[in-house]
1. Do any residues in segment 51-64 that are in contact (Cβ under 8 Å) with a residue 60 or more places away in the chain and at positive phi have Cβ atoms under 7 Å from those of residues that are in a loop (DSSP other than H, G, I, E, B) and of a type outside the set (D, E), where the two are at least six apart or on different chains, and which pairs are they?
2. Can you confirm whether Y21 is assigned to a loop (DSSP other than H, G, I, E, B) and in contact (Cβ under 8 Å) with a residue 12 or more places away in the chain?
3. Residues Q53, Q35, Q59, Q48: which one is polar (S, T, N, Q) and part of a loop (DSSP other than H, G, I, E, B)?
4. Taking the residues in segment 1-38 that are among the polar types (S, T, N, Q) and under 25 Å from A55 (Cβ atoms) as candidates, determine which candidate is nearest to the chain's Cα centre (by Cα).
5. So L11 fits all but one of (1) at pLDDT below 95; (2) in contact with an Asp or Glu (Cβ under 9 Å, 6 or more places away or on another chain); what number is the exception?
6. Given the criteria part of a helix (DSSP H, G or I) and either surrounded by 15 or more Cβ atoms within 10 Å (Cβ to Cβ) or on the phi > 0 side of the Ramachandran plot (or both), does I14 qualify?
7. Please determine, by comparing only the residues of segment 1-11 that are among the charged types (D, E, K, R) and part of a helix (DSSP H, G or I), which one is nearest to V62 (Cα to Cα).
8. Yes or no: segment 62-82 includes at least one residue that is modelled with pLDDT under 95, in a helix (DSSP H, G or I) and small (G, A, S).
Amino acid sequence: MDEKTMVSDTLAGINGELVRYGEMISQTENQQLKQTLKQIRNQCETSQEEIYQIARSKQYYVPAAKASREEIEHVKMILSQG
């Protein structure tokens, strides 16, 4: 397995963990557990950002082009109609 694949797999795994932490946080009533999960999620987000920066620096990840003004306005219009 090459480095690019490992970085990509790691990012995908962390992104999945972030989703699961968000679900757990919103579903628990225990405030101490909720706070602990938030701290773990924050650490996970920090790791995700660090790995993302590594992937960008090595050109393993290239973000999509920025949306045009017209595209942004189109999405706003669609969302405001709901």
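1. Every condition considered, no pair remains.
2. The answer is no for Y21.
3. The match here is Q59.
4. It comes out as N15.
5. (2)
6. The answer is yes for I14.
7. Among them, the one singled out is K4.
8. The answer is yes; a qualifying residue exists.
The values are calculated or read from the model by the stated rules, or taken from the named source; none is laboratory data. Note that this is a predicted model, so its numbers are computed, not measured. Virtual Cβ from ideal backbone geometry, glycine too; neighbours counted across all protein chains shown.
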